[in-house]
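Since every read-out is calculated from the coordinates, none of them should be taken as a lab result. The shown structure was predicted, so the numbers you read here are calculated from the model rather than taken from an experiment. Ideal geometry is used to build each Cβ from the backbone, glycine not excepted, and the neighbour counts take in all protein chains shown.
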Amino acid sequence: MKGIILTIALIFSVAFLNAQESNEIDTYKIAFFSKDASGVFKEMSGTVETTKPGVPSAFNLEIDVASINTGNGIQNKHAKSAEWFNAKKFPKISFNSSEIIRNEEGTFAKGDLKIHGVTKEVTLPLEITLKDGKYFYKTKFSVKRADYNMGPKSKVSPSIKIIAALTLKK
């Protein structure tokens, strides 16, 4: 009987220690740059799971493609068209992490990035800072357009640089 009670107590204590908290996004910015166009996505949603304050264990994020803003109405319409992001057919860009990696090189979020209906496993570098009592997460990476069947095969820049940052609600 003692063995059963100790086993149950151990299971509950391990579950308690490994409990994850789902945190909603407070603020965010998603900017993209290439030699041909730059801008932001104005709408993002999702959660960041944490095991203890500031330490992420999972990212589940979605960007609304129709929220793209290049600062030029004609360019926005073109970016939402079937030739580029195809906002009607593929209304969301998503990133769902499968693993957070911490090593001597830094912190990385490994997971599935889905753009234009194509899902690729990526490993994104992750900067984590504490500012004004909030945890700030930032990543910088590039996406090859051809990997996601996006845009024409022409003289247009073959890759897009992305900078994404967010804070969590308290």
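Quick one: among Glu121, Glu105, Glu43, which has the greatest mean-square fluctuation in a GNM of the chain with alpha-carbon springs under 10 angstrom? With Cα springs under 10 Å in the chain, the top fluctuation among Glu121, Glu105, Glu43 is at Glu105. Scanning residues 5 or more positions from Ser159 or on other chains, those with amide H under 5 Å from its amide H are Arg145, with H placed 1.01 Å from N in the peptide plane.
Using a Gaussian network for the chain with springs between C-alpha atoms less than 10 Å apart, which of these wobbles most: Lys155, Lys80, Lys138? Maximum among the listed residues: Lys155. Counted by Cβ distance under 12 Å from Thr70, the other residues give a net charge of +2, where Lys and Arg count +1 and Asp and Glu count -1.
Computed from point charges on the beta carbon alone (+1 for Lys and Arg, -1 for Asp and Glu), the dipole magnitude for the chain about its Cα centre is near 520 Debye.
Between the residues Ala58, Thr167, Ser142, the greatest Cα displacement towards the positive end of the dipole of the chain, with unit charges on the Cβ of Lys, Arg, Asp and Glu, is found for Ser142.
Across Leu61, Leu113, Leu130, mean-square fluctuation computed from a Gaussian network of the chain (C-alpha pairs under 10 Å connected) peaks at Leu130. With a ≥ b ≥ c taken as the square roots of the eigenvalues of the C-alpha gyration tensor of the chain, please select rounded if a/c is under 1.5 and otherwise prolate if a/b is larger than b/c or oblate if it is not? Note, shape of the chain comes out prolate.
Relative contact order of the chain: 21 percent, from C-alpha pairs under 8 Å at least 6 residues apart in sequence.
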